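K.L.:
Got a structure for you, questions after.
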Amino acid sequence: MRSQIFLLALFALTLSGCGGMNVAENQAPAPANSAANTAPAATVRAEPPAEADGLMAPNTLGSKAARELCFETNTGDTDIVREQTFAIEFEPFKGTCFITMHNPEYDDPPLESEFAIYRGNRRVAEFPEQFNGVNFGCWIEGVGFQDLNDDQKIDAVIVAKCSGKSGEYYENMVYANNGRGFTTNLDANYKLAEFKTIKQIAEYAREHRSAFFK
């Protein structure tokens with residue numbers, strides 16, 4: 001009788017030990033780096049607004065939809081240069097388009113370029129002495145709208161190139177907003193010939209305000 005009890009007890013212990021082994025073997029291992037598994041995903045940054053690059057003063061440009069409408073402007077026999085065309089929202093031209101256009105016979109670069117302000121299909125403002133009086137072979141490389149003399153009026157900076165016998169050269173321009181339209185000073189513009197960016201031209205114009213703003 002005692003031997004039977006002993007055998008039963010031994011059998012029970014054996015079953016208990018086997019069950020314990022199976023539980024241990026079937027358990028999923030703990031993750032090696034649980035903190036990494038709970039970390040938030042990296043945030044994808046949205047594209048910055050057009051004004052964020054420093055070329056445009058805040059709130060000077062219209063919406064993307066307004067700019068798309070600018071591309072539909074009828075400029076006659078010229079083609080619109082989309083990269084240098086903008087919907088603008090500053091006085092006295094709020095709700096208009098700065099349009100750059102060129103002779104469709106020349107695409108790369110867009111020679112015989114010119115620029116003006118349109119409201120709908122009507123040309124409402126001109127920029128005098130474009131390309132500092134050079135009449136052929138010029139195009140725009142960049143446009144910026146900034147208040148260069150702290151008078152609360154948005155001025156225009158134009159980076160432009162022309163093609164000459166010895167190669168391409170710059171004919172940059174600063175246009176002062178006088179509240180009615182834009183004016184420019186050729187003598188001051190000639191001193192911008194070595195600059196290649198909106199930032200360089202704007203900094204020079206701010207440092208030499210008396211030359212550009214009368």
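The values are calculated or read from the model by the stated rules, or taken from the named source; none is laboratory data. Since this is a predicted model, take the numbers as computed values, not measurements. Cβ: placed from backbone, ideal geometry, glycine included. Neighbour counts: every protein chain shown.
To keep it simple, each residue is scored yes or no on (1) assigned to a strand (DSSP E or B); (2) touching a strand residue (DSSP E or B) at 6+ places or on another chain (Cβ under 9 Å); (3) within 24 Å of G76 (Cβ to Cβ).
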position: Y106; (1), (2), (3): no, yes, yes
position: E112; (1), (2), (3): no, yes, yes
position: A116; (1), (2), (3): yes, yes, yes
position: D151; (1), (2), (3): no, yes, no
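K.L.:
Please work out if P92 is assigned to a loop (DSSP other than H, G, I, E, B), touching a residue at least 12 places away in the same chain (Cβ under 8 Å) and under 26 Å from N177 (Cα atoms).
P.N.:
Against the criterion (assigned to a loop (DSSP other than H, G, I, E, B), touching a residue at least 12 places away in the same chain (Cβ under 8 Å) and under 26 Å from N177 (Cα atoms)), P92 qualifies.
K.L.:
Return the pair list, or none, for Cβ contacts closer than 7 Å from residues in segment 195-214 that are outside any helix (DSSP H, G or I) to residues that are among the small types (G, A, S) and at pLDDT 95 or above, at least 6 apart or on different chains.
P.N.:
Close Cβ pairs (under 7 Å, with a partner that is among the small types (G, A, S) and at pLDDT 95 or above) amount to F213/A176.
K.L.:
Among the residues of segment 156-172, write down those that are of a type in the set (D, E) and without any contact (Cβ under 8 Å) to a residue 24 or more places away in the chain.
P.N.:
Hit for segment 156-172 is E168, nothing else.
K.L.:
Oh, and also: Out of all the residues in segment 115-157, which are in contact with a helix residue (DSSP H, G or I) (Cβ under 9 Å, 6 or more places away or on another chain), surrounded by fewer than 19 Cβ atoms within 10 Å (Cβ to Cβ) and among the charged types (D, E, K, R)?
P.N.:
E129, E141, D150
K.L.:
Take the residues in segment 122-136 that are over 26 Å from the mean Cα position of the chain (by Cα), at pLDDT 95 or above and part of a loop (DSSP other than H, G, I, E, B); name whichever of them is nearest to L69 (Cα to Cα).
P.N.:
P128
K.L.:
Now for a separate question. Please specify each residue of segment 163-178 satisfying the condition of being of a type outside the set (F, W, Y) and either surrounded by fewer than 17 Cβ atoms within 10 Å (Cβ to Cβ) or over 14 Å from L192 (Cα atoms) (or both).
P.N.:
If the condition is that a residue be of a type outside the set (F, W, Y) and either surrounded by fewer than 17 Cβ atoms within 10 Å (Cβ to Cβ) or over 14 Å from L192 (Cα atoms) (or both), then S163, G164, K165, S166, G167, E168, A176, N177, N178 are the ones that fit.
K.L.:
Here's another thing I want to ask about it. Just the residues that are farther than 21 Å from V157 by Cβ and either surrounded by 16 or more Cβ atoms within 10 Å (Cβ to Cβ) or in contact (Cβ under 8 Å) with a residue 12 or more places away in the chain (or both), please, taken from segment 54-65.
P.N.:
S63 - this is the single residue of segment 54-65 that is farther than 21 Å from V157 by Cβ and either surrounded by 16 or more Cβ atoms within 10 Å (Cβ to Cβ) or in contact (Cβ under 8 Å) with a residue 12 or more places away in the chain (or both).
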